[in-house]
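These notes are about the structure you will find just below.
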Amino acid sequence: EHAVLRSTRWDGIYFATSAERGHVNEQEWAFSWVLARCNHYLTNGMPGSVFSPVVKHALCYMILANASHLLAVITLYRLARDLISTSTQARSRIAFTAALLHIASPAGVFLSAPYGESTFAMLNFAGTWSYSRALKLRRGGSTTKELLYTILAGLLFALASTARSNGLLSGMLFVGDVADAVLHPRDTILQSRRLLRLVFVGIAGSITAIGFAAPQIVAFREYCMNNTTPRIWCERIPPSIYSWVQDHYWGVGFLRYWTLSNLPLFLLAAPMLGVLLVTASTALWRPRSITRGCVGTSRHRGVAAAEEEDMAQILRRLAAPQLILAVMAATSFHIQIVNRISSGYPLWYLTLAIRLCSGSEISGGESRKGTRPKSKTAPLPGMEWIVRGMIIYAIIQGGLYASFLPPA
């Protein structure tokens, strides 16, 4: 019980109490209504306990968070293996490195505490994996499987949006598909097969939007339709309780956090913010500079140019949600939370993993003496310091968190 209470800090208190008694106060709608309801029903189904109700719900959240974290690590590994076009040994090495980076991410204790970060990461990684599968199947001509994976991606992104509202940004992947259809009408719209694909992309994007809107519809009915004195935000367009709560109770807004007293928090978030911006801008404008870092992706190593193009296209699509998140965090969020909400975006893990492994090219198989072939060069300078910085920050953050000290 002592360990659970030490882990129930800051937002974790809201998560645990809202799971116990529902979203009673308006400001509690800043925290996932869907996760709170799921936690409520799961905990009620558990046998009797000597713990208090709040501790039981917090413990249930922690079990869910750690299980989600494990699945997120496995899913990111699978995503990297499927996405990267290179030799089997090098692909496994890069995928394993990406999974380890998620474990060592600056989200730290938040991935095990009563928060939604782990659940969001698991669902967002799974949605990205499903989307990447659909994108690759387009070249293979398997229309049915491609459409099923597209709808599955929309469902997973919708669930991710119920865990954290920034999951809506993942819908930008489908916007990219629509943009391609508009910019290349002769190649896309005029063919019935591709028109069907566009319809399914629209359905998947709509499902993602529904996942974001559904909890707010529940709040609208409670505060605007079933209330004799409707709240101010009920008359806004759109009538979003989430944006109202963030604005009214938490002081979140454009450049509101840009004060001299918050400068230390900007400095604390600067390294992670820089990683997000640099990796996203590189993937958006120069994705080939990333794919070239994969061992064996060049044509003279026998890998088809089409596969490399698929990888570059997916990296370019993944850049948009991450870039928007970084810009919004810098201008409109409590800047320090970027260290934990960045944990659910796969692009920067993949980019750093490729860069970390690009300097240690491995030839296939083992040497004649049964030993591993030696790396040709050391990992790129600066990459190791990023990893060390993440681990050091996670350790310090854990102590501050347990002591109820900022940042959170």
Quiz item: What accessible area per residue, rounded to a whole number of Å², is obtained for the chain using a probe radius of 1.4 Å?
Solution: 47
Quiz item: Among 329-336, 217-224, 344-351, how do they line up from the highest to the lowest mean number of other beta-carbon atoms within 10 Å?
Solution: 344-351, 329-336, 217-224
Self-check item: Alpha-carbon Rg with Dmax, taken over the range 40-197, Å
Solution: 19.1, 67
Practice problem: Any chance you could look up the accessible area of Phe51 with a 1.4 Å probe, heavy atoms only, rounded to 10 Å²? | Solution: 70
Quiz item: Taking only DSSP H segments of four or more residues, each worth -39500 (n - 2.57), what value at 222 nm results for the chain once the sum is divided by all its residues, to the nearest 500 deg cm²/dmol?
Solution: -21500 deg cm²/dmol
Exercise. Please work out the FRET efficiency for the pair Asn44 and Arg236, using the Cβ-Cβ distance as r and a Förster radius of 56 Å; give the result to the nearest 0.05.
Key: 0.95
Self-check item: Probe 1.4 Å - accessible area at Leu196, Å² to nearest ten
Solution: 80
Practice problem: Keeping the other protein chains in place, figure out the carbon and sulfur percent of the accessible area of the chain, with a 1.4 Å probe. | Solution: 65
Quiz prompt | Where the Cα pairs of the chain fall when distances are cut into 10 Å bins, in % | solution = 5, 20, 30, 25, 14, 5, 1, 0, 0
Practice problem: Rounded to the nearest 10 degrees, what's the angle between the helix 117-140 long axis and the longest principal axis of the chain, both from Cα atoms, 0 to 90? | Solution: 40
Practice problem: Would you rank Ile94, Ile13, Ile337 by solvent-accessible area, highest first, keeping every protein chain in place and using a 1.4 Å probe? | Solution: Ile13, Ile337, Ile94
Quiz prompt | Solvent exposure ordering (accessible area, 1.4 Å, most first) of Ile324, Ile290, Ile207, Ile392 | solution = Ile392, Ile324, Ile207, Ile290
Quiz prompt | Under-5 Å amide H pairs with Val252, H placed in peptide plane, nonlocal only | solution = Asp247
Quiz item: Using the Cα atoms as the points, what is the convex hull volume per residue of the range 301-350 in Å³?
Solution: 73
Quiz item: Hey, in the GNM for the chain with a 10 angstrom Cα cutoff, which one of Val278, Val245, Val182 fluctuates hardest?
Solution: Val182
Practice problem: Can you pull a Stokes-Einstein diffusion coefficient for the range 86-152 at 10 °C (1.306 mPa s), Rh from Kirkwood over Cα pairs, as a whole number of µm²/s? | Solution: 113
Quiz item: Along the charge dipole of the range 125-266, Cβ charges K/R +1 and D/E -1, which of Leu265, Ile237, Ala179 sits furthest on the positive end?
Solution: Ala179
Exercise. Based solely on C-alpha atoms, express the radius of gyration and the Dmax of the range 116-267 in angstrom.
Key: 19.3, 58
Quiz item: Which angle between 0 and 90 degrees, to the nearest 10, do you get for helix 263-285 versus the longest principal axis of the chain when only C-alpha atoms count?
Solution: 40
Quiz item: When the convex hull of the Cα atoms of the range 1-110 is projected onto a plane and the area is averaged over all directions, what value comes out in nm²?
Solution: 8.7
Exercise. Please state the charge dipole magnitude for the chain, taken about the Cα centre, from unit charges on C-beta atoms (+1 on K and R, -1 on D and E), reported in debye and rounded to the nearest 20.
Key: 1440
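Order Val175, Val387, most accessible first, counting only protein heavy atoms with a 1.4 angstrom probe.
Output order, biggest surface exposure first: Val175, Val387.
The values are calculated or read from the model by the stated rules, or taken from the named source; none is laboratory data. As the structure is a prediction and not an experimental result, all values here were calculated from the model. Using ideal geometry, Cβ is built from the backbone for each residue, glycine included, and neighbour counts are taken over all protein chains shown. Protein only, heavy atoms only, side chains kept; ligands, DNA and RNA dropped before computing areas. Shrake-Rupley method; radii C 1.70, N 1.55, O 1.52, S 1.80 Å.
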